[in-house]
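Peer 1: Before I ask anything, let me first share the structure, which is written out below as structure tokens.
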Amino acid sequence: MRRAACPGSFDPVTNGHIDIIGRAALLFDEVVVAVGVNASKQRLFSPEERIGMLTEAVAVYPNVVVGGFEGLLTDFCQERGISAIVKGLRAVTDFDYELQMAQMNSSLAPVETVFVPTSPEYSFLASSLVKEVATFGGDVSRLVPGHVLNRLTERLGHRSGADDA
Ligand code: PNS
């Protein structure tokens with residue numbers, strides 16, 4: 001079975017993430033969305049919340065599962081028989097860091113990184129920007145699934161959808 005990991009913080013999952021996960025699901029028999037739960041990092045959503053939102057977002061893909069991991073991604077991959085890591089590349093600015101991580105990961109374990117170009121409509125999209133825009137009441141309704149928009153609205157205390165205008 002060809003099994004791949006789609007790793008990230010997913011704080012929160014965006015439509016850009018879902019695009020990459022869905023395309024990875026066409027390339028591999030099973031995709032494991034690996035949610036980094038490093039406790040030292042400050043997040044808007046807890047690991048359980050991030051995993052819950054992702055699980056709902058990928059429910060349409062029968063060969064996608066979601067799991068949390070702490071520590072090295074390569075350890076997670078080896079424990080689960082995962083031989084590939086799928087990463088989305090938004091622009092050339094992503095490339096330096098992603099290449100460095102890919103090379104470090106392949107030096108740690110027999111795991112290949114596969115880069116998938118982000119769809120143009122999501123090339124500017126990042127969870128950090130979604131949170132910033134939503135914090136100031138901007139419309140992020142086209143950037144995240146509806147259930148994530150609801151969680152952002154609850155957490156940030158005001159609506160972040162198009163019908164605000
Ligand atoms: O969404 P992000 O924040 O870009 O995700 C980064 C993540 C979680 C994929 C990356 O930080 C990671 O793989 N962390 C696990 C620790 C690890 O394996 N570090 C070595 C990377 S070369």
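Peer 1: Where the eigenvalues come from the Cα gyration tensor of the chain, what are the semi-axes √(5λ) of the equivalent ellipsoid, largest first, in whole Å?
Peer 2: 27, 16, 15
Peer 1: Can you list the HN-Hα couplings for the range 19-28, worked out from phi with the Karplus curve (6.51, -1.76, 1.60; θ = phi - 60°), rounded to whole Hz and with x for Gly and Pro?
Peer 2: Rounded to whole hertz, the list is 4, 5, 4, x, 6, 5, 5, 7, 8, 10.
Peer 1: List 30, 70 from most exposed to least, where exposure is judged by having the fewest other Cβ atoms within 10 Å.
Peer 2: In order of increasing Cβ crowding within 10 Å: 70, 30.
Peer 1: Can you compute the helix-only [θ] at 222 nm over the chain? Use -39500 (n - 2.57) per DSSP H run of at least 4 residues, normalise by all residues, nearest 500 deg cm²/dmol.
Peer 2: -12500 deg cm²/dmol
Peer 1: Between residue 78 and residue 126, what is the label-to-label distance in nm when each label sits 7 Å out along the Cα-to-Cβ direction?
Peer 2: Those two pseudo-labels are separated by 3.1 nm.
Peer 1: Tell me, what does the Kirkwood hydrodynamic radius of the range 38-116 come to in angstroms if you use every pair of distinct C-alpha atoms?
Peer 2: Numbers: mean 1/r = 0.0696 Å⁻¹.
Every distinct Cα pair counted, the radius reaches 14.4 Å.
Peer 1: Hey, got a sec? Which chymotrypsin sites (Phe, Trp or Tyr not before Pro) in the range 47-127 land in a DSSP loop and have at most 12 other Cβ atoms within 10 Å?
Peer 2: Values: sites: 69, 76, 95, 97, 115, 122, 124; in loops: 124.
Sparse-neighbourhood loop chymotrypsin sites (Phe, Trp or Tyr not before Pro): 124.
Peer 1: Sequence-distant or interchain residues sharing an amide H contact under 5 Å with residue 85, placed H: which?
Peer 2: Amide H neighbours of residue 85: 5, 112, 113, 114.
Peer 1: May I pose another question? Quick check on the range 79-125: take the gyration tensor over C-alpha atoms, sort the square-rooted eigenvalues as a ≥ b ≥ c, and tell me if it's rounded (a/c under 1.5), prolate or oblate.
Peer 2: It comes out oblate by the Cα gyration axes.
Peer 1: Residue 66's amide H: which non-local residues (gap 5+, or another chain) put their own amide H closer than 5 Å, with H modeled 1.01 Å from N in plane and none for Pro or chain starts?
Peer 2: Result for residue 66 returns 33.
Peer 1: Something else: Please list 3J(HN,Hα) in residue order for the range 98-107, calculated via the Karplus relation 6.51 cos²θ - 1.76 cosθ + 1.60 where θ = phi - 60°; whole Hz, with x for glycine and proline.
Peer 2: Each residue of the range 98-107 in turn: 5, 5, 4, 5, 4, 5, 4, 4, 6, 7 Hz.
Peer 1: Based on Cα positions only, what radius of gyration and what Dmax would you give for the range 21-80, in angstroms?
Peer 2: For the range 21-80, the Cα radius of gyration and maximum Cα-Cα distance read 12.2, 34 Å.
Peer 1: For residue 16, what is the net charge nearby, where nearby means another residue's Cβ is under 13 Å from its Cβ and Lys, Arg count +1, Asp, Glu -1? Working shown, then result.
Peer 2: On the way: positive: 23, 87, 90, 142; negative: 19, 94, 121.
In short, +1.
Peer 1: Can you list the HN-Hα couplings for the range 83-95, worked out from phi with the Karplus curve (6.51, -1.76, 1.60; θ = phi - 60°), rounded to whole Hz and with x for Gly and Pro?
Peer 2: Per-residue couplings from phi come out as 10, 9, 10, 9, 10, x, 10, 7, 7, 4, 5, 6, 5 Hz.
Every number here is computed from the coordinates shown, using simple stated rules; none is lab data. In this text, all values refer to a predicted model and were calculated from it rather than measured experimentally. Cβ sites come from the backbone with ideal geometry, for glycine too, and all protein chains shown count toward neighbours.
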